[in-house]
Each structure stands twice: as C-alpha cells, then as structure tokens.
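Data block below; observations after.
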Amino acid sequence: IPSVSSIVPESCLLIVVGLLVGGLIKGVGEKPPILKSDIFFLFLLPPIILDAGYFLPLRQFTENLGTILIFAVVGTLWNAFFLGGLMYAVCQLGGPGLNHIGLLANLLFGSIISAVDPVAVLAVFEEIHINELLHILVFGESLLNDAVTVVLYHLFEEFANFEQVTILDIILGFLSFFVVSLGGVLVGVIYGLIAAFTSRFTSHIRVIEPLFVFLYSYMAYLSAELFHLSGIMALIAAGVVMRPYVEANISHKSHTTIKYFLKMWSSVSETLIFIFLGVSTVAGHHYWNWTFVISTLFFCLVARVLGVLVLTWFINKFRIVKLTPKDQFIIAYGGLRGAIAFSLGYLLDYKHFGMRDMFLTAIITVIFFTVFVQGMTIRPLVDLLAVKKKQETKRSINEEIHTQFLDHLLTGIEDICGHYGHHHWKDKLNRFNKKYVKKCLIAGERSKEPQLIAFYHKMEMKQAIELVESGGIGKIPSAVSTVSIQNINPRTLPLERVLPALSKDKEEEIRKILRTNLQKTRQRLRSYNRHTLVADPYEEAWNQMLLRRQKARQLEQKMNNYLTVPVHRVDSPTMSRARIGSDPLAYEPKEDSENLPIITIDPASPQSPESVDLMSEEPKGCSGLPPSPEEDEEGLVMRVKEPSSPGTDDVFTPGTSDSPSNQRMLRCLSDPGPRPEEPEEGEPFIPKGQ
C-alpha cells in the first residue's frame, strides 16, 4: 500500500505487525515469545552494524569525525547524567512507590535510555533521504555512542553490587571508557587486516570469497564482546579496514554477492527486531507508573534539545560549514531510541533491580513515542523547513576529479604553510598505505593500482576486434590504432547517433580507475619559514642601487616641473600671414640666437618653486656686450643670484630689473600668448631690435 508507507515509516508498520501477532498469540492462549537479549546481541544486531560499517561513506565520516565524537561521547554522557539525576529527584518526590529507587539505579536507567539507536535511525533516515551531512552526524553518533553506553551500563551495574563506591572506582570507570572504545577499534582493525591478507590467496577458490568477509567480521564482534569491549566499534573498524583491500582481491561476482547478501541480511534483522519489539510489548510484564513514565519521556526530550543546542554552539566555533538552526532541529529531533535500549533493560537482574518491569515499561514508551511520533513527523517537518535533500544521482567523473584536485591543492597549501591539518595526515596515510600496506595485502600487479593506460589499451584492442568482426576489413597492420582503423574504413553513422550504454559494473570500474589514478602531490619537503631562508648577499646592494635611482628620478622630475618655460601659442596660418604682412621685418629669422633670456636661481632652496627668480631675466646682448659662442649653445643660462647687502629691502629697493622692458619680458615669460589689449595700436607684437 504505497499511500500508507509514504506517510508511516516501515519501522512503525513492523511494530504494529508485531503487536497484532503478539495479540493473536495471546488471544489463542499461548505465551508470546520475548526478544531475548542474547538473540538480539549475538544474531540480530551484527548484520545491521556490519552493513553500516562496510558501506560507510568514509569521506563524510572522517571530515565530520570531531563533531560526531562530541555528539556521541559528550552528548551521551550529558543525557545519561542529566536524565539520571532528574529521575532520582522525581523518585524522591514521587511518593511511596518510587522512594526505594536509588541514585545508581536511576543513573543506570539514564545510561540505557540516553543512547541514540542505530537501527531506528537507519530505518527512518533512509526513507526521508536527508542530506549526507545530517545523515552522517546522526547515524555516526548512534554508532559511536555504543562505547559510552556499554561502559556506563556495566559500570553502574557493577557499582550496584558494591557496598561503597570510592574515588578509585570512579577513576577506573573513567579509564575503562578508553579501554572499551579503543580496544574495540583495535580488535576490529586486526581482524580487518587478517581478512584482507586472507583474500590475497583466494584467486583459485572464488566461491568462498564472500564467506571470509562475514566470518572475520563476526569473529571481530564476538572477540570484542567476549572481553566486554565495544562490539559495534569492532565491527565498524573491521568493515572500514578490510573493504578497500578485499575488493581489490576478490572477483566482481564475489563483490556483488557480499553487497546484496549484507543488504538482505541487515534488512531481515531489522524486520525481526521491530516485529519482536511489538510482540514483546504484548508478552512482557509491565508496571505502569504515570509519574515515572511521563517524567522519563519529558526529560528525554529536554536533555536531547539542550545537549544539541549547547554542543552545536561550541562546535560552530571550530567548523567551517556551520550547523544552521534547521540542522540543529533535525539532529535533536532525529535522536530515536530503539531495540538496543530495550535489550539492555531486559538484561537487568531482578535481584539487584526489582524495578526492572517499570524500567522496561518506560523504555518501551520512549521507543514507541520516538519511532511513531518523531519518525512519522520528521518527513513533513523536513519538507516544511526545506532542509536540503540527498543527491539521488551519482557524482559525475568531472566532479570526482575536481574534488580530488582540491584535496591535492589543500594538501599542497598545508605543505607550504607547515600546517598539519587533516589533509596533511590523510596524504601521509595514503602514502604509507601505497608504499607498504598495499604490497602486503593486495595480490599481484593490482597492488600498484590498476593503470589507466593499460585499461585504455584493453578497450582499444576490444574495439579493434569488434570493428574487424563487424566490417569487412582486409589486411590491417598489427600496430594500427583504432583511430587509423576508422580512417581506413569509416562506417556510415546513423542520423541520430546513440551513445553506447555502459553497464553499471563497467561504469563503476571506470570511475574507480579514474579516481585512483589521478596525479598525486609531491613528497613533502621542508616547511616554509621566512626565518630559515638563505639570505642573498647581493640583495642589499641591489636595494640601495634601486633607492638611489628612484631618488635621482624624482629629483629630475621635480626640476623639470619647476624649470619648464611655457612655449608660444601657435597661431593659425591666416593669423601668421596677417602678422607678417603687417610688419615683415619683425618676423625675420635671426642668424644668431641672441634673444635667449637668463634665469637666475636662488641657491638657498634649489628644489622649491619660489627659488626661480624671474626678476633678473634679461636677454643676452641687451647689456651691449656681444654674446659669446658658449652662451649661444647653452640656451637658457642659470646664474646665481647675488645675496642682497644687509640693510636693504628686497621689496622696496628698486633694481635693474624694474625697468619697463624687463617687466614686459616678465609678462612674456609668464604668459607669452598675444592679447589684443596689451600692444598699442600700430605697434608690432615684438619690437624691432630686441
């Protein structure tokens, strides 16, 4: 029924089916089966986690690992202690039915109910197609908070048996978190490497290749659970580590088998888990307490919202891509609880926890509320808030090439700056992987990565064979490429040329080859540091020379500006003919340049415009002395102005330059253009004889 499944998530429908089946079994007088914790943790949970870990989007996961860890570790601890403390206060104030529940029991209950469930998150988020960032943040948190949940659960369970809890016990409990999480990762890495090494020698027995992936993954999970380590983190680490090496060794059919078998296995496990949840709800013993159940539900929501808001405010100080209020709402709203909480509650011992039935009732209520109410309303809320959806189409090869190019570029920038960012460490890890690990774990020439040129030759040969078989080509030289073959016997193309459809397997193979054969960045050399650069011995001399040249150029430019004499305005040809016609003798060309003026320079400040003294300018030859040949060649002659004697006034004392002819020369030098009002009527523009 598509109309129902588009509104109600599949997990909700499966729980309803479980409720109906449980009610039917109980109605005929039989006792319904209950989801036992051993069955859940040993058989139903591992396939879901292995599927999630083996096909984990590694790029988004590693880029957001810091944010995921903060939400998974700090957020889960906050939820557990906040909820446990408030529930202890409720139990103290809630009357006689709740007074006997102590602080440790409430903290244990808080640690069980605070963890986000990966099964419920997968079931809901896969259907709403949320964008990759939000999906990996919520799903990554649900995967990695398993270590915190396991530690807190076993810690408070052990503390409940103690008569007195000391500071040393608390410190050891804190250290056990690192042992559980890192120990689980280490176990997973070891089994992942063993699986990759085993797949190197399976080329002659392709049939059992998929078996090694399932076998070693399950061994990693069981080994981690055996030592009370995090089995979920061991499975994720094993899947992430083994995948690139196993896929390089196994055949394509084995890869397809692993992919679809994991999907089918996880889907069956998920279906059984939700159906058993419904059946167990009908079959289990319940103790309903309104105060406890409603308080649990309310404080779960409050703790989740407060934790996300505070942690996001802190995380956004360090993130380049900030988490918007819409993202924060989806992260807070997507904190679904599921079967892990129910199974942990079912594991509690009646001897130490007599209130187990009430705990289970509250846990089932929270699970139903989050799965039904939040799971059903998150899809319309995503549409209402216009949250970015997931890209349905695969990225093109062009996008992948540019993404890897930007990775290399950022690695190079970090390389130059000497900054050890995650691109730097990623590049180091890739180099180490290529140089050492791949040679040990990948068989044959594939350890050197499939070569793009070899693949091109293979396709070229295949195309040539097809061309020979299809066309009636005679003798073809052996070293002729497909391009020359087409030139020899070109085929007539149809009107509408249809591109050949590549199969998905071939397209994926081409993508993989292009992705792994892009140009790698250079080896990292010494970091750039301006203090360690070798000084150039000639650099100081060059700088001094450049400064001197610049100063000389500026001084020359200033002198040119100050000593430029305006030129005569060029008359039009008609005006020139009129002037020559009125007085031909005044415009005759002179054989000697005797009318050059003299400019006297004040030596006090030779660079200032006030130093040019035009009062002593006079034409050479006016004093009655014949001009010397040197003066004719020099043009404008600069003579030093004699300093005035003491007691004389430069302004009021008349000098030789106060004569009318000198004043007229001054006016000619300052504005040499002719003005009709200055010359008298009948007088030539320049008098004869001057």
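The values are calculated or read from the model by the stated rules, or taken from the named source; none is laboratory data. Computed from a predicted structure; not experimentally measured. We place every Cβ from the backbone using ideal geometry, glycine too, and count neighbours over all the protein chains shown. These accessible areas exclude ligands, DNA and RNA; they are computed on the full protein's heavy atoms, side chains included. Shrake-Rupley method; radii C 1.70, N 1.55, O 1.52, S 1.80 Å.
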For the stretch 258-346, go through all pairs of different Cα atoms, get the mean of 1/r, take its inverse, and jot down that Kirkwood value in Å.
16.5
Could you please tell me the mean projected area of the C-alpha convex hull for the stretch 179-235, averaged over all directions and given in square nanometres to one decimal?
3.4
Quick one: which of 219-227, 47-55 comes out on top by average Cβ neighbours within 10 Å, and what's the full order, highest first?
47-55, 219-227
Expressed in square angstrom to the nearest 10, the accessible area of K428 with a 1.4 Å probe stands at 100
Calculate what fraction, in whole %, of the accessible area of the stretch 268-322 sits on carbon and sulfur atoms when a 1.4 Å probe is rolled over the protein chains.
79
Need one value: the accessible area of S3 in square angstrom, 1.4 angstrom probe, rounded to the nearest 10.
70
Ratio to report: Rg/Rh of the stretch 73-149, with Cα atoms as the point set and Rh obtained by the Kirkwood method; give two decimals.
1.14
Could you estimate the translational diffusion coefficient of the stretch 1-155 from the Stokes-Einstein equation, with Rh from the Kirkwood formula over C-alpha pairs, at 4 °C and 1.567 mPa s, in whole µm²/s?
71
Carbon and sulfur together cover what percent of the accessible area of the stretch 51-119 at a 1.4 Å probe radius?
72
Could you give the C-alpha radius of gyration of the stretch 307-399 expressed as a fraction of 2.2 N^0.38 Å, taking N as the number of residues it contains?
1.54
Distance cut-off 29 Å, Cα to Cα: go down the list K36/K390; K426/K458; K36/K326; K390/K435; K317/K390 and report the pairs above it.
K36/K390; K426/K458; K36/K326; K390/K435
Using only Cα atoms, what is the ratio of the radius of gyration of the stretch 121-194 to 2.2 N^0.38 Å?
1.50
Residues in the stretch 255-269 that a label on I208 would reach, taking backbone N under 14 Å of a point 7 Å out along Cα→Cβ:
none
Can you check how the C-alpha radius of gyration of the stretch 1-67 compares to 2.2 N^0.38 Å, as a plain ratio?
1.66
Whole number please: convex hull volume per residue, Cα atoms of the stretch 210-323, in Å³.
208
Starting at 0 and stepping by 10 Å, how many percent of the alpha carbon pairs of the stretch 276-320 end up in each bin?
21, 25, 27, 17, 10, 0
What list of ³J(HN,Hα) values in whole Hz, one per residue of the stretch 83-89 in order, does the Karplus curve 6.51 cos²θ - 1.76 cosθ + 1.60 (θ = phi - 60°) give from phi, with Gly and Pro shown as x?
5, x, x, 5, 5, 5, 5
Ordering of 211-217, 237-243, 148-154 by burial proxy (mean other Cβ atoms within 10 Å per residue, highest first)
237-243, 148-154, 211-217
What is the packing order of peptides 68-80, 15-27, taking the mean over residues of other C-beta atoms within 10 Å and listing the highest first?
68-80, 15-27
Given a 1.4 Å probe, the accessible area of the stretch 105-204 per residue, as a whole number of Å², is 38
The extension gain from H252 to V321, computed as 0.36 nm times the residue separation minus the Cα-Cα distance, is 21.1 nm
If you plug each phi of the stretch 175-180 into the Karplus form 6.51 cos²θ - 1.76 cosθ + 1.60 with θ = phi - 60°, what whole-Hz ³J(HN,Hα) values come out, in order, with x for Gly and Pro?
5, 5, 4, 5, 5, 5
Exposure rank, largest accessible area first [T574, T361; 1.4 Å]:
T574, T361
